[in-house]
Amino acid sequence: MTYRYLIRTERDKTVKKPVVLSILPAVLILSGALAQPHPRPAQPTPEQIAWHEMEIEMFIHFAPNTWQNRDYDDHSTSLSKINPTQLDTDQWCEVARSFDAKQIVFVAKHVGGFCMWQTDTTEYSIKNTPYKNGKGDVAAELAKSCKKYGLKLGMYVYPGDAQWGADIGSGGRTKDPAKQEAYNKVFRRQLTEVLTKYGEISEVWFDGSCVIEVGDILRRHAPQAMVFQGPHATLRWPGSESGIAPYPTWQTVKKQDAITGVSTGKHSDPDGDVWLPMEMDTTLLDHAWFWGPDRDHMLKSLDQLMNIYYGSVGRGCVLLLNATPDITGRIPASHVKRYREFGEAIRRIYQNEKGRMSGTGRLLELRFDRPTPINHIITMEDIRYGHIVRAYEIEGLIQGTWTKLTSGISVGHKKIDVIDTVRVAGVRLHVTEAVGTPIIRSFAVYEVLTHGNAGVDNCRQENRWQEVAGWKAVRLTAQWQILDIDLTSYIPSPGQYELEFRQTGGSGTLEVQDALVVMAGTESSHLIAKLNRSHAWNINRTAQVTTGPRGRTALRVKVRATGDSPWKGALYIRGSD
């Protein structure tokens, strides 16, 4: 099979194979120059570009929770029982390599406060277990294995601590402000230990943001590390744990949203002035982050995993797929098998390439010497210049006629379009909207011989609004009241949620001040943001959810009703996937 390139563009220095250049009418060539001026798109740093290139990472959750068959450590496990005698970090790395992960992000300290390294900051750590007679250091073992297998290493160090005496909640804020400084010192020591004992750390995870100042530590010990959430973030959360990025997928946000440390996919803005890409964290066990003896029925199918791949990597993001070692310290065989199947399916996408080209301009055309079957089209921008492409169409030459095959909006690092198998004599990319001259790093087509119902269902339905029962008992007055409205049952898992007061009767006016989220008894003002409609807020829940007082989530709000007639209404909530 031979093919030739027809690159309708004013220049192209990237194509290495013979090309045929066609001359277009000047109006097409100059169309970009005649467009209205547009701000220069935000651009990624070299570290962010290297992060994008990884495309897939492995997450590892392993803590006392593993012995409890739960996702939140309730401190019921005696440290004498934590002895993973078969722990094998080489096996973890082999599993990561099986599905082409380039980095492992290790949960060195989860919400419960247990430290998987030899720390001087707490007795609640691996040093006080029988594992290797108290000399074990799981972080050290993993660092050694990652180096052996050529993997990068990231560290998740939860800023809060459910075990420490001050009831420290999301972001590391203490319930008792008088104890904040003492805890700040503890956490800063923990972070310093993790960043200085185990070689280069390429990513730091602050689940739920970080209210403790650690910028000096990051600059000194991990200046090139990517940072997930917090005021020093270079990555953000998409807003759910589905693994599916919102589309169109823009990796840029406004600066005022970036500096909050908790911006999500809802803050994406193609004209944002900060490149803050989304990391798609998701689980192999459906909605479970830790191993349990009765959880294999929760294993996601290969079709589900491929749907996630197309919705994350196939939309220009990086997939962070979780792994759950069991109490022996090994990833279970059934999980290993599914990871291997996933890796094989990913590699099949790229095995049967039919043609590839690169170029600069709004129209790139690839021809074949005979009708050629294709069903996957993969387009990559040169993201060093930001999001230039704002809309595109892809056409196929079928029996002498150019026919639309698919279309889209954002491209970014990578966009995978999956279509029904069709035979074409040529295929072309037409950028219909752009904010400059598009620079296409790669435009490639493939025939994937086994892809089933691959691709992302773009018609997923958002969760419906629910009326919050706790509001029904509220009696408003003209005097200000501070109320705690229980939302626990309405926020069953990490994600983004919307709250809204709606008036249903009366001519009175509802006034609202100081809306806060209270999680585990701690006010978390950084996890709630006002929406630009009346009496509506967005809540982010990134940390794990538990039961009991520590798992309670409430809206703390200062309200009153004014006017000659009472205000009647309800409080509604919904989550979005």
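The values are calculated or read from the model by the stated rules, or taken from the named source; none is laboratory data. Since the structure is predicted, the reported quantities are computational estimates derived from the model, not experimental observations. We place every Cβ from the backbone using ideal geometry, glycine too, and count neighbours over all the protein chains shown.
Below are the figures for this structure:
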quantity: Residue among Ile482, Ile539, Ile491, Ile528 that alone is within 21 Å of Gly169 (Cβ to Cβ), aliphatic (A, V, I, L, M), exposed (fewer than 14 other Cβ atoms within 10 Å of the Cβ) and in contact (Cβ under 8 Å) with a residue 12 or more places away in the chain; calculated: Ile482
quantity: Filter pass, Arg348 being surrounded by fewer than 20 Cβ atoms within 10 Å (Cβ to Cβ), under 30 Å from Leu284 (Cβ atoms) and either in contact (Cβ under 8 Å) with a residue 40 or more places away in the chain or in contact with a helix residue (DSSP H, G or I) (Cβ under 6 Å, 6 or more places away or on another chain) (or both); calculated: yes
quantity: Subset tally (residues that are in a loop (DSSP other than H, G, I, E, B) and either within 26 Å of Arg574 (Cβ to Cβ) or out of contact with any Phe, Trp or Tyr (no Cβ under 9 Å at 6 or more places or on another chain) (or both)) for the stretch 207-232; calculated: 11
quantity: Single residue of Thr379, Thr324 found to be under 27 Å from the mean Cα position of the chain (by Cα), under 26 Å from Thr450 (Cα atoms), among the hydroxyl-bearing types (Ser, Thr, Tyr) and surrounded by 22 or more Cβ atoms within 10 Å (Cβ to Cβ); calculated: Thr379
quantity: Every pair of residues 6+ apart whose Cβ atoms lie under 6 Å, when the first sits in the stretch 149-161 and is closer than 10 Å to Ile104 by Cα while the second is buried (at least 22 other Cβ atoms within 10 Å of the Cβ) and hydroxyl-bearing (Ser, Thr, Tyr); calculated: Lys152/Ser202; Gly154/Ser202
quantity: Test result for Ile327, out of contact with any strand residue (DSSP E or B) (no Cβ under 9 Å at 6 or more places or on another chain) and more than 21 Å from His232 (Cα to Cα); calculated: yes
quantity: Failed criterion for Trp164 (all others in (1) under 30 Å from Pro46 (Cβ atoms); (2) in a loop (DSSP other than H, G, I, E, B) hold); calculated: (1)
quantity: Count of the stretch 233-260 residues which are hydroxyl-bearing (Ser, Thr, Tyr) and not in a loop (DSSP other than H, G, I, E, B); calculated: 1
quantity: Hey, Gln118 under 24 Å from Met54 (Cα atoms), assigned by TED's automatic domain parsing to the domain that holds Leu235 and either over 21 Å from the mean Cα position of the chain (by Cα) or not in a loop (DSSP other than H, G, I, E, B) (or both) or not; calculated: no
quantity: Qualifying residues in the stretch 32-63 (those that are in contact with a helix residue (DSSP H, G or I) (Cβ under 8 Å, 6 or more places away or on another chain) and part of a loop (DSSP other than H, G, I, E, B)) - the one modelled with the lowest pLDDT; calculated: Pro41
quantity: Pair list, Cβ under 9 Å, 6 or more apart: the stretch 194-211 residue assigned by TED's automatic domain parsing to the domain that holds Lys144, other residue in a loop (DSSP other than H, G, I, E, B) and among the basic types (Lys, Arg); calculated: Val211/Arg173
quantity: Within the stretch 180-198, considering residues that are out of contact with any strand residue (DSSP E or B) (no Cβ under 6 Å at 6 or more places or on another chain) and of a type in the set (A, V, I, L, M, F, W, C), the one surrounded by the most Cβ atoms within 10 Å (Cβ to Cβ); calculated: Phe187
quantity: Qualifying positions in the stretch 250-263 - within 12 Å of the chain's Cα centre (by Cα) and at pLDDT 95 or above; calculated: Gln251
quantity: The stretch 477-516, residues that are modelled with pLDDT of 85 or more and in contact with a helix residue (DSSP H, G or I) (Cβ under 8 Å, 6 or more places away or on another chain); calculated: Ile485, Asp486, Leu487, Thr488, Tyr497, Leu516
quantity: Among the candidates Lys266, Lys255, residue that is surrounded by fewer than 21 Cβ atoms within 10 Å (Cβ to Cβ) and without any contact (Cβ under 8 Å) to a residue 24 or more places away in the chain; calculated: Lys255
quantity: Complete set of residues in the stretch 509-525 that are farther than 15 Å from Val211 by Cβ and touching a residue at least 60 places away in the same chain (Cβ under 8 Å); calculated: Gly521
quantity: Pick from the stretch 199-250, criterion within 19 Å of Ile539 (Cα to Cα) and of a type in the set (Asp, Glu), ranking: surrounded by the fewest Cβ atoms within 10 Å (Cβ to Cβ); calculated: Glu241
quantity: Matching entry among Asp271, Asp286, Asp281 (being farther than 11 Å from Arg236 by Cα and modelled with pLDDT of 95 or more); calculated: Asp271
quantity: Condition broken by Gly292, with the remaining ones in (1) in contact (Cβ under 8 Å) with a residue 24 or more places away in the chain; (2) surrounded by fewer than 18 Cβ atoms within 10 Å (Cβ to Cβ); (3) small (Gly, Ala, Ser) satisfied; calculated: (2)
quantity: Number of the condition not met by Val422 [criteria: (1) within 26 Å of the chain's Cα centre (by Cα); (2) assigned to a strand (DSSP E or B)]; calculated: (1)
quantity: Residue within the stretch 219-226 that is over 16 Å from His110 (Cα atoms), touching a His at 6+ places or on another chain (Cβ under 9 Å) and without any contact (Cβ under 8 Å) to a residue 60 or more places away in the chain present; calculated: yes
quantity: Qualifying position, being in contact with a helix residue (DSSP H, G or I) (Cβ under 9 Å, 6 or more places away or on another chain) and within 12 Å of Val194 (Cβ to Cβ), among Ala96, Ala101, Ala139; calculated: Ala139
quantity: Gly355 vs. criteria assigned to a strand (DSSP E or B) and crowded, with 18+ Cβ neighbours inside 10 Å; calculated: yes
